Amino acid sequence: MINPAKDSLYSQPLGRIDSFIFDDQVARVFPDMIERSVPGYQTIITAIGLLAGRFAQENSVCYDLGCSLGAASFAMNQHIIAENCRIVAVDNSNAMLARFKHLLELQEPPPLSIDLKCANIQDIVIENASVVVLNFTLQFLPLADRAQLLEKIYHGLLPNGALIISEKLAFDDLRQQTMQIDLHHAFKKSQGYSEMEISQKRTALENVLIPESFTQHQQRLTSIGFSSCELWFQYFNFASFIALK
């Protein structure tokens, strides 16, 4: 059984801070890292399961794009009652998927149907989808690639399908932006991270994780064709929203 290790990757001074990647070091501490870094993470995961249970259709596919260790996939599997509905979980990190696979093997009873694929999410064919999840995934794609992926998802969704997106947000108002960042750092300190850890992690993520405002997300999704896009959760500068086809 995998015992989640404590995230101490940035606890010592680093002479050179490399760009953040989802390698084996990150995979090993990922459950602790994301729980202590993303306010409301478990609430989001639980709600993704509930939303999937509502929108999953019979004989369809639910996609977890950028699945990491599979938290959203497991939540969906727990709540989906539609018959003959399978989950396709995609990530381009072999280290993440290896641990996800081991977690799958430990499940009692075994999940209904979760297929793991190691690939870039831009290369996956989306078809016959009733639910698509991008849980803190889109923010790692280059800005120029985001619309094309979302258009592909839209066209692969069935009528009345749902796209669930969780993201770190940016804010147009400088005061709001400063306040939200400060509050996020205060949250991380409350979870035991030091100033040095927060600073070094932020440097590692610079130009790797590029946030946008909710208005930017909403306008892009509706311009693609989604009938609506609404925020359903926000905790400081982390949010989750749902777009309906």
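How big is the antiparallel share of DSSP beta bridges in the chain, given as a percent to the nearest 5? Let's see the in-between values first.
Working: 14 of 35 bridges.
So the antiparallel bridges in the chain amount to around 40 percent.
For His79, put the label point 7 Å out on the Cα→Cβ axis and report which residues of the stretch 142-170 keep their amide N under 14 Å from it.
So the set is 162-166.
Which GluC sites (Glu not before Pro) in the stretch 186-245 sit in a loop by DSSP (not H, G, I, E or B) and have at most 16 other Cβ atoms within 10 Å of their own Cβ?
Glu206
To the nearest 500 deg cm²/dmol, what mean residue ellipticity at 222 nm is calculated for the chain from DSSP H runs of n ≥ 4 alone, each contributing -39,500 (n - 2.57), summed and divided by the residues? If you can, show how the numbers build up before the last one.
Values: 8 runs with 103 residues, N = 245.
-13500 deg cm²/dmol, from helical runs alone.
Taking amide H positions as placed in the peptide plane 1.01 Å from N, state which residues far from Asp64 in sequence (5 or more) or on other chains have amide H under 5 Å from it.
Residues meeting the amide H criterion: Val88, Ala89, Val90, Val133.
Could you tell me whether the chain comes out rounded, prolate or oblate from its Cα gyration tensor? Rule is a ≥ b ≥ c as square roots of the eigenvalues, rounded for a/c under 1.5, then prolate if a/b exceeds b/c, otherwise oblate. Let's see the in-between values first.
Working: a/c = 1.80, a/b = 1.25, b/c = 1.44.
Since a/c reaches 1.5 but b/c is at least a/b, the shape of the chain is classed as oblate.
A 20 angstrom limit on the alpha carbon distance is what I want to check against. Which of Lys168/Lys189; Lys6/Lys201; Lys6/Lys117; Lys101/Lys245; Lys101/Lys201 exceed it? If you can, show how the numbers build up before the last one.
Values: Lys168/Lys189 18 Å; Lys6/Lys201 15 Å; Lys6/Lys117 27 Å; Lys101/Lys245 31 Å; Lys101/Lys201 27 Å.
Among Lys168/Lys189; Lys6/Lys201; Lys6/Lys117; Lys101/Lys245; Lys101/Lys201, the Cα-Cα distance tops 20 Å for Lys6/Lys117; Lys101/Lys245; Lys101/Lys201.
Place the peptides 42-55, 116-129 in order of packing, highest mean first, counting for every residue the other Cβ atoms within 10 Å and averaging per peptide. Before the final figure, lay out the partial values.
Details: 42-55: 18.2, 116-129: 15.0.
Result, highest mean first: 42-55, 116-129.
Counting alpha carbon pairs within less than 8 Å and at least 6 residues apart, what relative contact order, in whole percent, applies to the chain?
Details: 431 pairs, mean separation 53.3, N = 245.
Taking the mean separation of contacting Cα pairs over the length of the chain, I get 22 percent.
Once you have a ≥ b ≥ c as the square roots of the Cα gyration tensor eigenvalues for the stretch 126-245, tell me rounded if a/c is under 1.5, and otherwise prolate or oblate according to whether a/b is larger than b/c.
Details: a/c = 2.25, a/b = 2.06, b/c = 1.09.
Since a/c reaches 1.5 and a/b is larger than b/c, the shape of the stretch 126-245 is classed as prolate.
Would you look at the GNM of the chain, springs on alpha carbons closer than 10 Å, and say which of Asp173, Asp115, Asp145 moves the most?
Asp173
Which whole-Hz ³J(HN,Hα) couplings does the stretch 236-243 yield from phi under the Karplus relation 6.51 cos²θ - 1.76 cosθ + 1.60, θ = phi - 60°, glycine and proline marked x?
Once rounded to whole Hz, the list reads 6, 9, 10, 8, 9, 9, 10, 10.
Read-outs throughout are calculated quantities, based only on the coordinates presented, and are distinct from any laboratory measurement. Please read these numbers as outputs of a predicted model, since none were measured by experiment. Glycine also receives a Cβ, built like all others from the backbone with ideal geometry; neighbour counts cover every protein chain displayed.
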